[in-house]
Amino acid sequence: MVDTNRLLDKNVIIRFCNRLLSSKMIDIYALGSNESLAARFSYRLQSLGIMCSLHNSHNPLYIQYNQNQSKRVSLIIVSHHANDTIINIAKSLKEKNIYTLALCPKSEKELMFLVHECLHFSVMHHEDYENICTCFAIEYVLDVICSI
């Protein structure tokens with residue numbers, strides 16, 4: 001958690017939270033094990049009165065339909081490496097100029113160029129604890145966003 005806290009850019013968090021508060025809708029994209037973390041985050045945002053939807057696949061028609069709606073924000077959650085589905089989602093969001101924040105490890109380079117801003121977390125390279133530490137790191141960043 002200490003390493004993740006050092007990696008967090010407080011200005012990015014504040015900008016993202018300001019966009020969240022002024023947005024009409026937030027779209028959260030997460031696949032696999034990240035989906036349960038994203039579902040909890042979505043529930044907490046909805047309990048705060050922020051409308052959001054959770055997506056676990058690439059739906060270009062949804063993105064196309066919502067491109068003209070102003071004040072829309074997207075969050076992409078990646079725990080290890082962005083797969084082709086996440087890259088395609090990020091490309092579609094970038095083409096439609098929808099503000100997108102990626103929550104990903106610092107080693108994720110390809111996704112960084114497809115989104116507006118990134119929040120990084122620390123990934124422990126210890127095989128026995130890697131998945132648990134990654135989940136805690138993602139949960140920590142999402143908790144910081146909710147608390148703001």
Per the helix-only calculation at 222 nm, which mean residue ellipticity applies to the chain, given -39500 (n - 2.57) for every DSSP H run of n ≥ 4 and division by its residues, nearest 500 deg cm²/dmol?
-14500 deg cm²/dmol
Please get the size of the charge dipole for the stretch 1-91, origin at its Cα centre, with Cβ charges of +1 on Lys and Arg and -1 on Asp and Glu, quoted in debye to the nearest 20.
380
Ignoring ligands and nucleic acids, residue 113 exposes an accessible area, probe 1.4 Å, in Å² to the nearest 10, of 150
If one compares the long axis through the Cα atoms of helix 10-22 with the longest principal axis of the Cα atoms of the chain, the angle in degrees, nearest 10, works out at 30
Of the accessible area of the chain, computed with a 1.4 Å probe and all protein chains kept, carbon and sulfur make up a percent value of 53
Relative to the longest principal axis of the C-alpha atoms of the chain, give the angle of the C-alpha long axis of helix 34-47, reported between 0 and 90° and rounded to the nearest 10°.
60
Compute the helix-to-body angle for 130-147: its Cα long axis versus the longest principal axis of the chain, expressed 0 to 90° and rounded to tens.
50
Inter-probe distance in nm under a simple model that places probes 7 Å from Cα toward Cβ, at residue 43 and residue 18:
3.2
Along the dipole axis of the chain (charges at Cβ: +1 for Lys and Arg, -1 for Asp and Glu; origin at the Cα centre), the most positive-end residue among 112, 88, 52 is 52
Per residue accessible area of the chain, 1.4 Å probe, in Å²:
54
What is the Cα convex hull volume of the stretch 1-98 when expressed per residue in Å³?
111
Rank these by accessible area, largest first, 1.4 Å probe: 7, 119.
7, 119
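The values are calculated or read from the model by the stated rules, or taken from the named source; none is laboratory data. No experiment lies behind these values; they were computed from the predicted model shown. Neighbour counts are summed over all protein chains in view; Cβ atoms, including those assigned to glycine, are modelled from backbone coordinates with ideal geometry. Ligands, DNA and RNA are excluded from the accessible area calculation, which covers all protein heavy atoms including side chains. Shrake-Rupley method; radii C 1.70, N 1.55, O 1.52, S 1.80 Å.
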